[in-house]
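In what follows, a single structure is set out as structure tokens and then discussed.
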Amino acid sequence: MSETEKSNEWQAAEPGVRRRIVVDGEKMMLVEVHFEPGAVGNLHKHPHEQATRVISGRVRFTLDGQERVVATGEHLLIPSNTMHGAEALEESLLLDIFSPPRQDFRDY
């Protein structure tokens, strides 16, 4: 299996959450993230700047203690080293853009 095929496979991230790399560039990475209803992306932070667009569904994000619901067609920016997490209010598909790319996702 080639690296491209490997990176396009869905990987379990957390219970009810899976992700796959769809574009893996030198300076940015695009990752689809699928949430089952009620699934939680636990609070975490990373040095990467992250933009997220909700392709479908509704997700409650927490950024530095502030909550915001983001729905289909909406987006948000998560600055580097910002504590953040998410809870799917319904089945949801997100597109996350990271700069620089997430080496930890490549190594998964």
Among the residues of segment 26-44, which ones are farther than 14 Å from residue 96 by Cβ and not aliphatic (A, V, I, L, M)? 26, 27, 36, 37, 38, 42
Listed residues 101, 47; which is touching a strand residue (DSSP E or B) at 6+ places or on another chain (Cβ under 7 Å) and either at pLDDT 95 or above or more than 21 Å from residue 10 (Cβ to Cβ) (or both)? 101
Please count how many residues of segment 60-87 are assigned to a strand (DSSP E or B), polar (S, T, N, Q) and either surrounded by fewer than 15 Cβ atoms within 10 Å (Cβ to Cβ) or over 14 Å from the mean Cα position of the chain (by Cα) (or both). 1
Checking the conditions here, which among 21, 55 is in a strand (DSSP E or B) and touching a residue at least 60 places away in the same chain (Cβ under 8 Å)? 21
Only one of 18, 58 is at pLDDT 95 or above and farther than 26 Å from residue 107 by Cα; which? 58
Evaluation of residue 50 against (1) closer than 22 Å to residue 108 by Cβ; (2) surrounded by fewer than 17 Cβ atoms within 10 Å (Cβ to Cβ); (3) in contact (Cβ under 8 Å) with a residue 24 or more places away in the chain (one fails), failing number: (2)
Residue identified as modelled with pLDDT under 95, outside any strand (DSSP E or B) and of a type outside the set (S, T, N, Q) among 5, 90: 5
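The values are calculated or read from the model by the stated rules, or taken from the named source; none is laboratory data. What you are looking at is a predicted structure, and each value in this text was computed from that prediction instead of being measured. Using ideal geometry, Cβ is built from the backbone for each residue, glycine included, and neighbour counts are taken over all protein chains shown.
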